[in-house]
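Here is the structure we will look at, set down as structure tokens.
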Amino acid sequence: MSVLKERVFSGVQPTGNLHLGNYLGAISRFVALQERFECIYCVVDMHAITVPQDPEALTRQIREVAAAFIASGVDPKNHIIFNQSQVAEHAELAWVLNCVARMGWMNRMTQFKEKASKDRENASLGLYAYPTLMAADILVYRANAVPVGEDQKQHLELTRDIAQKFNNDFASSIARNGFGDTFFPLPEPLIQGTSTRVMSLRDGTKKMSKSDPSDYSRINLTDDADAIAQKVRKAKTDPEPIPETVEELANRPEAENLVGIFATLADKPREAVLAEFAGNQFSVFKSALVDIVVAKLGPIGAEMQRLVADPAYIDSVLVDGSDRARVIARQTMDAVKDIVGFVRART
Ligand code: TRP
């Protein structure tokens, strides 16, 4: 790992059913960032328990996300793959950040409002504090960049606000402890383009989601070729043929989604895909789409199955990653203790 490279951190929740949206929107981008950055990819199991989880399912899902990272091409030797709960410094820093973040900031978080919805009195305190734990995830590594979806932008802005307030509130102590004028860098969001936003196969206006009751709404990373073929053939479309221009995809959400998926998987602009298929019925396009989805996801799904059948291997990757993550996190946490004025052992 080169010290000259900037550091990327991102997290994925182990809450089940990894699908094409997670792959194109997050995991495949994590893979691509490995050349330019030092990457730390975290299975955020402590975020998962902000809503109730079945313990046995949680264990399985933590390993599944790790397997998806590895199967997709994240290199756990040159970068870091680990699960959050094995590095206690995340929770430790989160507490300090809870004392930096303001209630007014937290009350503006739209994801809490959506997730707690009508029954706010019954939401966990952890769900409310979710964003400060996320800030701690990023700041404990003093990461420079964070690949996230559009829906996480507000959390990243909060992370920057918390980092900045810490830098301001403790400015003199930061200087006195030899860290110059800023301790936490303000992390930059690496937001995915809307063209890679994958929508439900049943409704082109809704995001592809693990919690949609219809399994036909999504392509799971572990679906086999038959399941993929069935789901793509049943995917909702409109009666018009494939248009010639991207503009003509407006107000055709299902057509736009399928063309977008094809383009992203083929790593081509949508214009090129339309040029190839313009005038064809969707049945023709869907056959080609099945082929490319199977070609790209098939090997990843098969490798994931192979990996989850060997939990001892996955666990060893997570333990090794956690050990290496902890070294970085500990340095930050020791510095934070000094800056805040806590007393600690010195060796
Ligand atoms: N909140 C993110 C999500 O639901 C997951 C996450 C937790 C995360 N900690 C993070 C993402 C830190 C980026 C950086 O998608």
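The values are calculated or read from the model by the stated rules, or taken from the named source; none is laboratory data. Quick caveat, the model's predicted, so the values are computed rather than measured. Cβ: placed from backbone, ideal geometry, glycine included. Neighbour counts: every protein chain shown. Just so you know, the surface numbers come from the protein's heavy atoms only, side chains and all, with ligands and any DNA or RNA stripped out. Shrake-Rupley method; radii C 1.70, N 1.55, O 1.52, S 1.80 Å.
Observations, loosely collected:
- Residues of region 31-42 satisfying the condition of being closer than 30 Å to Ile228 by Cβ and either buried (at least 22 other Cβ atoms within 10 Å of the Cβ) or among the basic types (Lys, Arg) (or both): Cys39, Tyr41, Cys42
- Scoring Val198 on the criteria (1) over 28 Å from Gln152 (Cα atoms); (2) open to solvent by less than 50 Å² (accessible area, probe 1.4 Å) leaves a single failure, condition (1).
- The set of residues from region 104-128 being of a type in the set (S, T, N, Q) and more than 13 Å from the ligand (Cβ to nearest atom) comprises Asn107, Ser117, Asn122, Ser124.
- Residue list for region 182-193, filter: out of contact with any Gly (no Cβ under 9 Å at 6 or more places or on another chain) and in contact (Cβ under 8 Å) with a residue 12 or more places away in the chain: Thr182, Phe183, Phe184, Pro185, Leu186, Pro187, Glu188, Pro189, Leu190
- Residue within region 160-175 that is within 12 Å of the ligand (Cβ to nearest atom), under 23 Å from the mean Cα position of the chain (by Cα) and not polar (S, T, N, Q) present: no
- Positions within region 312-334 being surrounded by fewer than 17 Cβ atoms within 10 Å (Cβ to Cβ) and among the aliphatic types (A, V, I, L, M), in sequence order: Ala312, Val319, Val327
- Looking across region 86-105, the residues that are out of contact with any Ser or Thr (no Cβ under 6 Å at 6 or more places or on another chain) and closer than 19 Å to Val8 by Cα come down to Glu89, His90, Leu93.
- Checked against (1) within 21 Å of Ala335 (Cβ to Cβ); (2) hydrophobic (A, V, I, L, M, F, W, C); (3) open to solvent by 30 Å² or more (accessible area, probe 1.4 Å), Trp105 meets all criteria but (1).
- Among (1) more than 27 Å from Ala101 (Cβ to Cβ); (2) open to solvent by 50 Å² or more (accessible area, probe 1.4 Å); (3) not in a helix (DSSP H, G or I), the one test that Gly204 misses: (2)
Residues checked against (1) within 27 Å of Tyr41 (Cβ to Cβ); (2) open to solvent by 60 Å² or more (accessible area, probe 1.4 Å):
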| position | (1), (2) |
| --- | --- |
| Lys234 | no, yes |
| Glu256 | no, yes |
| Pro269 | no, yes |
| Asn280 | no, no |
| Ser287 | no, yes |
| Val294 | yes, no |
| Asp310 | yes, yes |
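- Region 74-89, subset among the hydrophobic types (A, V, I, L, M, F, W, C) and within 13 Å of the ligand (Cβ to nearest atom), residue surrounded by the fewest Cβ atoms within 10 Å (Cβ to Cβ): Phe82
- Within region 17-54, the set of residues being part of a loop (DSSP other than H, G, I, E, B) and either within 13 Å of the ligand (Cβ to nearest atom) or within 20 Å of Ala143 (Cα to Cα) (or both) comprises Leu18, Gln34, Glu35, Arg36, Phe37, Val44, Ile49, Thr50, Val51.
- Consider region 133-159 and keep the residues that are in contact (Cβ under 8 Å) with a residue 60 or more places away in the chain and in a helix (DSSP H, G or I). The one that is farthest from the ligand (Cβ to nearest atom) is Leu139.
- Cβ separations smaller than 7 Å between residues 6+ apart or across chains give the following pairs from region 91-112 residues that are at pLDDT 95 or above to residues that are open to solvent by 70 Å² or more (accessible area, probe 1.4 Å) and part of a helix (DSSP H, G or I): Val100/Asp169; Trp105/Asp161.
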